[in-house]
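Novice: Please see the structure below; I have some questions.
Nothing in this text is a laboratory measurement; each read-out follows from the coordinates by a stated rule. A quick note: this is a predicted structure, and the numbers were derived from the prediction, not measured. Note: ideal-geometry Cβ built from the backbone for every residue, glycine included; neighbour counts use all protein chains shown.
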Amino acid sequence: MNTYGTLREKKGNNLVAFPNDYVIIDIETTGFSPKNCEIIEIGAVKVRGNKITSVFQMLVKPINPVSSYITKLTGITNNMLADASPIADVLEAFVSFVGGNILIGHKVNADVNFLYDHCKIHIDHDFSNDYIDIRELFRDRQRSVLNHQLTALCEKCAIQNTNAHRALSDCLVANNLYQSLKFHNGAISCVEEMDTLLLASEFNHAHSPYKKKCQNLSACFDPYCQISG
């Protein structure tokens, strides 16, 4: 086994569960390999009793310049990162924020691998939190969903992500996906078999998680949209 493989011996367990208390996480990186790439942003949303109680977001100053591809994808520029905190400081703050909570995210295993390896290298910490992958929850509960990319799941659930590929925004979207799936039993009838439909346009944003009252309650499964705001 290579050196990087041995670093994950204390990695947490991949769970299929629906806890009420958890932390949603998301990171932005300079590439796909924890060995060769850097973390440039970490976001987290702490939830207690299914309600958001606090959020975490920090940019990370990388050793190497961010490529134009990553800047185009995320909107994060080298100028934005020039005065950001070093990775060790950000990881210390992040680890303190998440504590021993279960972590939830979309394709979260990749994020956990990055965090595990970089925590071990930069702050000598075993990042051993258990974690839940929203993509796997959809595969388990919504077998009719064929495309499990974050954008496709947002369309499936009529959830807007106006700032995609920024860590905190993706965390908030992931939490809405998780809550929608958790509180909806059976097929998602209002968008069943419409995986390729741009639902935000189709429903005129009636299902947007950012609106407290849904205008189409008979079809909506969002647990938040019936709350008066």
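Novice: Going by the structure shown, is Ala44 among the small types (Gly, Ala, Ser), crowded, with 19+ Cβ neighbours inside 10 Å and touching a residue at least 24 places away in the same chain (Cβ under 8 Å)?
Specialist: Spelling it out, Ala44 is indeed among the small types (Gly, Ala, Ser), crowded, with 19+ Cβ neighbours inside 10 Å and touching a residue at least 24 places away in the same chain (Cβ under 8 Å).
Novice: Check off (1) of a type outside the set (A, V, I, L, M); (2) within 15 Å of the chain's Cα centre (by Cα); (3) surrounded by fewer than 21 Cβ atoms within 10 Å (Cβ to Cβ) for Asp111 and give me the number that stays unchecked.
Specialist: With respect to (1) of a type outside the set (A, V, I, L, M); (2) within 15 Å of the chain's Cα centre (by Cα); (3) surrounded by fewer than 21 Cβ atoms within 10 Å (Cβ to Cβ), Asp111 is out only on (3).
Novice: When the residues of the stretch 61-80 are filtered to those that are in contact (Cβ under 8 Å) with a residue 24 or more places away in the chain, hydrophobic (A, V, I, L, M, F, W, C) and surrounded by fewer than 17 Cβ atoms within 10 Å (Cβ to Cβ), which remaining residue is farthest from Phe32 (Cα to Cα)?
Specialist: By that ranking, first place goes to Ile63.
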